[in-house]
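Novice: This is the structure I have questions about; it appears just below.
Taken together, the values in this text are just the output of simple stated rules run on the coordinates, not laboratory data. Since the structure is predicted, the reported quantities are computational estimates derived from the model, not experimental observations. Please note: Cβ atoms are built from the backbone with ideal geometry, for glycine as well, and neighbour counts cover all protein chains shown.
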Amino acid sequence: MTLAQNPLSVEVSLPREDVALVRVEGYLDVDTATEFQHHLANQLHHGRRHFVLDVSEVPFMDSSGMNIILRIYQETRRSGGSVHVLSPTPPVQRVLDLTGVSITVPVSGSFDEALALIDEQATPAPEA
């Protein structure tokens, strides 16, 4: 399949100043991964610390897409941020599970759930 047959659409919205909601639609593979990476890098450059990656419209993801998710995860962790994968399709969930990425990067079923995890992470645990 060529890029023309499976274009990638990436839409970024800012529900909060430090949170980027990145909606991805289309195949996330070697042909489209660079475009996805540019969007994420741009948001990092503008100070976003938390990323919610909505992949509910991604029918296929290969190791290129997975590597970008892991890279952004590592970058955000350095600044106390986070990455959350939102509503993966069954094939994408399978890739995340088989590679162990879903153990490292939280997978949420809804944006509100992801936001609650972000807020929970930001709140220090009470001392015993």
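Novice: Subtracting the Cα-Cα distance from 0.36 nm times the residue separation, let me have the gained length for Glu57 to Ser110 in nm, one decimal. Intermediate values should be presented prior to the final figure.
Specialist: Details: separation 53, 0.36 × 53 = 19.08 nm, distance 1.38 nm.
Here the answer is 17.7 nm.
Novice: If you wrap a convex hull around the alpha carbons of the range 77-124, what volume per residue comes out, as a whole number of Å³? Let's see the in-between values first.
Specialist: Numbers: hull volume 3.4 nm³, N = 48.
In the range 77-124, the Cα convex hull volume per residue is 70 Å³.
Novice: Hey, another quick one. Kindly give the semi-axes, whole Å and largest first, of the ellipsoid equivalent to the range 45-87, taking each as the square root of 5 times a Cα gyration tensor eigenvalue. Show your work: numbers first, answer last.
Specialist: Working: eigenvalues 80, 28, 12 Å².
Equivalent-ellipsoid dimensions as semi-axes: 20, 12, 8 Å.
Novice: Taking R0 as 22 Å, what FRET efficiency do you get between Thr89 and Glu17 from their Cβ-Cβ distance, rounded to the nearest 0.05?
Specialist: 0.15
Novice: Using only Cα atoms, what is the ratio of the radius of gyration of the chain to 2.2 N^0.38 Å?
Specialist: Details: Rg = 14.3 Å, N = 128, 2.2 N^0.38 = 13.9 Å.
The value comes to 1.03.
Novice: Got the relative contact order for the chain handy, in percent, Cα pairs under 8 Å and 6 or more residues apart?
Specialist: On the way: 194 pairs, mean separation 26.7, N = 128.
Relative contact order, the chain: 21 percent.
Novice: Under a crude label model (7 Å from the Cα following the beta-carbon direction), how far is Ser9 from Asp97 in nanometres?
Specialist: If labels sit at Ser9 and Asp97, their model points lie 2.8 nm apart.
Novice: Quick check: pseudo-label points 7 Å beyond the Cα along Cα→Cβ at Arg78 and Ala41, how many nm apart are they?
Specialist: About 1.3 nm, to one decimal.
Novice: Between beta-carbons, use under 15 Å as the cut-off and find the net charge around Thr34, counting Lys and Arg +1, Asp and Glu -1. Could you put the intermediate results ahead of the total?
Specialist: Details: positive: Arg71; negative: Asp29, Asp31, Glu35, Asp62.
Overall, the nearby charge balance is -3.
Novice: Is it possible to state the helix-based mean residue ellipticity at 222 nm for the chain, with each DSSP H run of 4+ residues giving -39500 (n - 2.57), the sum divided by total residues, to the nearest 500 deg cm²/dmol? What is it? Let's see the in-between values first.
Specialist: Values: 5 runs with 55 residues, N = 128.
One gets -13000 deg cm²/dmol as the mean residue ellipticity at 222 nm.
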